[in-house]
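A.B. asks: Quick one: the structure is below, questions incoming.
The numbers here are math on the coordinates, done by the rules we state, and not lab data. A quick note: this is a predicted structure, and the numbers were derived from the prediction, not measured. All Cβ positions, even for glycine, are placed from backbone atoms using ideal geometry, and neighbour counts span all protein chains on display.
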Amino acid sequence: MPIRVPQFVRKPLLRKADLRAIEAIMFSVLEDIGIEIAHQELEQRARQQGFHLESGRIRLPRHRVEAFLEEERSQRSTSPTAPPHRSPSRSG
């Protein structure tokens, strides 16, 4: 007899409009402010991938972030379902 894995279902924490607003801010920060890179090898790899670096910061164009997220989502949908993440207990 096969073993049944329980399915965990939860209600969404945020509305779709809230998620779109968070996503818009995220894209703006990554594109306009960027991320500081303080590691020479990572800087070199970023340049090789065609990213623009200025003053030690890499700016990530929206289309590149969207493509990355889409690729990650498609890989996740084809991989086995992982159990939900549990936060470590704060007691003790």
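A.B. asks: For residue 67 and residue 18, calculate 0.36 nm times their separation in residues minus their Cα-Cα distance, and state this gained length in nm to one decimal.
C.D. replies: 15.5 nm
A.B. asks: Taking only C-alpha pairs under 8 Å that are 6+ residues apart, what is the relative contact order of segment 36-77 in percent?
C.D. replies: 29 percent
A.B. asks: Rounded, prolate or oblate: which one fits segment 36-77, using the alpha carbon gyration tensor with axes a ≥ b ≥ c (rounded when a/c is under 1.5, else prolate when a/b beats b/c, else oblate)?
C.D. replies: Here segment 36-77 falls in the prolate category.
A.B. asks: At 7 Å along Cα-to-Cβ for each site, give me the label-to-label distance between residue 51 and residue 76 in nm.
C.D. replies: Taking the two extended label points, one gets 2.0 nm.
A.B. asks: What is the spin-label model distance, in nm, from residue 11 to residue 44 if the labels are put 7 Å beyond Cα along the C-beta direction?
C.D. replies: Here the modelled spin labels are 5.3 nm apart.
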